[in-house]
Amino acid sequence: MMKHVNKKPGKQEPRWQTKISGGNFVDKFHAYRNLHAHALFSSLGRLVASRFSSAMTIVVLAIAISLASGFYILVANLQQLAGNLEASNQISLFLKDDISEARANKFAGIIRQNPDIQDVKLITKEQALAEFQSYSGFGEAVKALEKNPLPIVIQVLPKNSFENEQALEVLLDDFKRSAEVDFAQMDMQWVKRLQSIMEVARRGVILLSLLLGAGVLFITANTIRLELHNRRDEVVIAKLVGATNGFIHRPFLYSGFWIGFFSGVAAWFIVTIIMLILKQPIEKLSGLYDDAFHVLFFGFTETLALLFISSVLGVVGSWIVLHFQLRQLKPE
Amino acid sequence: MLKFDNVSMRYPGAGDVLRNVSFHLQRGEMAFLTGHSGAGKSTLLKLIAVIERCSRGQVLLDGQDLNQAKDRQVPFIRRKVGLIFQDYKLLQDRTVFDNVALPLVIAGYGHHEVSRRVRASLDKVGLLGKERKYPAVLSGGEQQRVGIARAVVNKPPMILADEPTGNLDPELSAEIMHLFEQFQQVGVTLLIASHDISLIAQMNHRILKLDHGQLVAS
């Protein structure tokens, strides 16, 4: 019995020896790290060695990536613009002519208690007239009037979170039904348009990114496929002397990583240069609108995300090819 | 060490390449595999290196049923088998050292261990001092010895050679065979496919003869 128990591990020993033999643990860890470092730099070396074709691939990928990320930056800039235009959510309530200032104040107080309302501002007939005189250019004409024709106006600013246009519409209808209100208006059309434009743009960015991302994936895959084809002998020999798929995959995955990474870097420069070219006229335009708008460039996080996503696409693209093509690469 | 048990191999559209082949190689045994072209020598070797799997029967290497081996186990089986080819299969853009080191690098050996073993292996085949050379500048005999150094550097218990002397003149061939006998003396099991009948006849080893996929002499 004892003999039988002792025999079993002894029998398996040679198998283990061939599997994990060679040096102590530290030595093996260094070897593993060196394998990765070697794959990392040798794949970079091969990329440099085939400068022309690598450059062509990277430029194509960079253009694809810069289209997606450039569109993203464009939408980010538009959103900034939309952010500055939140005041157009403002609702103006023109009160009936027979409402006294005291009653108007009371009414404004009630509105102020509504938790959805951010700000309420009451404009008296006199204030309205003064404002009209100074801004409209009809100052003299207004003076000629016997009676102030302007109504009391309450300007209501709904909370920022009030983006849902249906909720805005309900609020507006509520005001319209109030006894004090003669006429309530909001530049609803403008809000609607902006919201739908932003929605289209947002979805456009997502769709375009998906499409171009798929393009990047397949271009990388094709590049790696060519490299795999060129290094066929090496792969076959490595397989014959006992290389695992992981060992064979590694240098190609690193090649994919480098291609993706450099394409991301190139795309970053392309978009940044385009934004720099556009910066001057945009800032000039912005100056005409009280500096309401500044050109946004890639931030730190966005730069990291750009490089990360393009690197991942490169790695995934090569992985797809390796997964499907290596099985067909049988040693003879 | 190696056991074929009623092994048949059928390629679709080509019929049976091997038919009911059975033999047993003891640990430390050296045997020649011979037969006409197309007799199934290469196929038999491919079954041992798990490049192909047999249609029927059982191939046991070191007690392991190769037909049952999962794909991810195959690399570890191959590390137990040193392969030597007629066309050497060396990487032309790598030095002799790097070629021989490949199995060790794959198996995850550290730098010092790799260096030590590659040197020992090259010493064994008489190529010490040529580590920095590229295969293209070596003679055919030297290239084959690089191939042999690569096959034994990992100290596999089994060596398979497919026409290792096919491209070499008789003198070099005898040298290579002598080298194989030295490996046998340290306990390695060898199976050498060759149709060089006169060379095989000179050596006193077991001969497995295949004829149209059947083992006719053992």
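Values quoted throughout were computed directly from the atomic coordinates according to the rules given, and no laboratory measurement underlies them. What you see is a predicted model; the values in this text were computed from it and never measured. Because the Cβ atoms are built from the backbone with ideal geometry, glycine has one as well, and the counts that use them run over all protein chains shown.
Quick notes
- Scanning region A:119-130 for residues that are of a type outside the set (S, T, N, Q) and within 23 Å of A:Lys106 (Cβ to Cβ) returns A:Asp119, A:Val120, A:Lys121, A:Leu122, A:Ile123, A:Lys125, A:Glu126, A:Ala128, A:Leu129.
- Failed condition for B:Gly129, given (1) away from chain A (no Cβ under 14 Å); (2) surrounded by 15 or more Cβ atoms within 10 Å (Cβ to Cβ): (2)
- From the list B:Ile51, B:Ile77, the lone residue that is of a type in the set (A, V, I, L, M), surrounded by 15 or more Cβ atoms within 10 Å (Cβ to Cβ) and without any contact (Cβ under 8 Å) to a residue 12 or more places away in the chain is B:Ile51.
- Checked across region A:201-220, the condition of being among the polar types (S, T, N, Q) and more than 14 Å from chain B (Cβ to nearest Cβ) holds for at least one residue.
- Matching residues, region A:231-249, being assigned to a loop (DSSP other than H, G, I, E, B) and more than 8 Å from chain B (Cβ to nearest Cβ): A:Arg231
- So B:Val59, is it β-branched (Val, Ile, Thr) and closer than 30 Å to B:Arg10 by Cα: yes
- Options A:Ala243, A:Ala179: the member that is on the phi < 0 side of the Ramachandran plot, of a type in the set (Gly, Ala, Ser) and surrounded by 16 or more Cβ atoms within 10 Å (Cβ to Cβ): A:Ala243
- Selected residue (only one of A:Ile73, A:Ile110, A:Ile63 is touching an Asp or Glu at 6+ places or on another chain (Cβ under 9 Å) and part of a helix (DSSP H, G or I)): A:Ile73
- Flag for B:Arg19 being surrounded by 18 or more Cβ atoms within 10 Å (Cβ to Cβ), touching a Ser or Thr at 6+ places or on another chain (Cβ under 9 Å) and touching a residue at least 24 places away in the same chain (Cβ under 8 Å): yes
- For region B:108-143, the candidate set comprises residues that are assigned to a helix (DSSP H, G or I) and aliphatic (A, V, I, L, M); within that set, the residue that is nearest to B:Asp93 (Cα to Cα) is B:Ala136.
- Flag for A:Leu171 being buried (at least 17 other Cβ atoms within 10 Å of the Cβ) and assigned to a helix (DSSP H, G or I): yes
- Note on region B:114-126: residues that are away from chain A (no Cβ under 14 Å) and either crowded, with 22+ Cβ neighbours inside 10 Å or touching a helix residue (DSSP H, G or I) at 6+ places or on another chain (Cβ under 8 Å) (or both) amount to 4.
- Within region B:195-218, tally of residues that are exposed (fewer than 15 other Cβ atoms within 10 Å of the Cβ) and outside any helix (DSSP H, G or I): 5
- Some residue of region B:84-99 being touching a helix residue (DSSP H, G or I) at 6+ places or on another chain (Cβ under 8 Å), more than 22 Å from B:Gln144 (Cβ to Cβ), facing chain A (nearest Cβ under 7 Å) and buried (at least 17 other Cβ atoms within 10 Å of the Cβ): no
- Exactly one residue among B:Gly28, B:Gly57, B:Gly38 is more than 30 Å from B:Arg145 (Cα to Cα) and either away from chain A (no Cβ under 13 Å) or assigned to a loop (DSSP other than H, G, I, E, B) (or both), and that residue is B:Gly57.
- Test: residue in region B:129-148 that is hydroxyl-bearing (Ser, Thr, Tyr), within 17 Å of B:Leu45 (Cα to Cα) and in contact with a helix residue (DSSP H, G or I) (Cβ under 8 Å, 6 or more places away or on another chain): no
- A:Ile224 in contact with a helix residue (DSSP H, G or I) (Cβ under 6 Å, 6 or more places away or on another chain) and either within 14 Å of chain B (Cβ to nearest Cβ) or surrounded by 20 or more Cβ atoms within 10 Å (Cβ to Cβ) (or both): yes
To keep it simple, each residue is scored yes or no on (1) out of contact with any Gly (no Cβ under 9 Å at 6 or more places or on another chain); (2) over 30 Å from B:Pro103 (Cβ atoms).
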position	(1), (2)
A:Ala179	yes, yes
A:Leu207	yes, yes
A:Leu228	yes, no
A:Leu240	yes, no
A:Pro251	yes, no
A:Gly256	no, no
A:Gly264	no, yes
A:Phe269	yes, yes
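- Qualifying residue in region B:106-113 (condition: away from chain A (no Cβ under 14 Å) and closer than 17 Å to A:Ala238 by Cα): no
- The single residue among B:Ile159, B:Ile192, B:Ile148 that is among the β-branched types (Val, Ile, Thr), surrounded by 15 or more Cβ atoms within 10 Å (Cβ to Cβ) and part of a helix (DSSP H, G or I) turns out to be B:Ile148.
- Any chance B:Ser173 is touching a Ser or Thr at 6+ places or on another chain (Cβ under 8 Å) and surrounded by fewer than 22 Cβ atoms within 10 Å (Cβ to Cβ): yes
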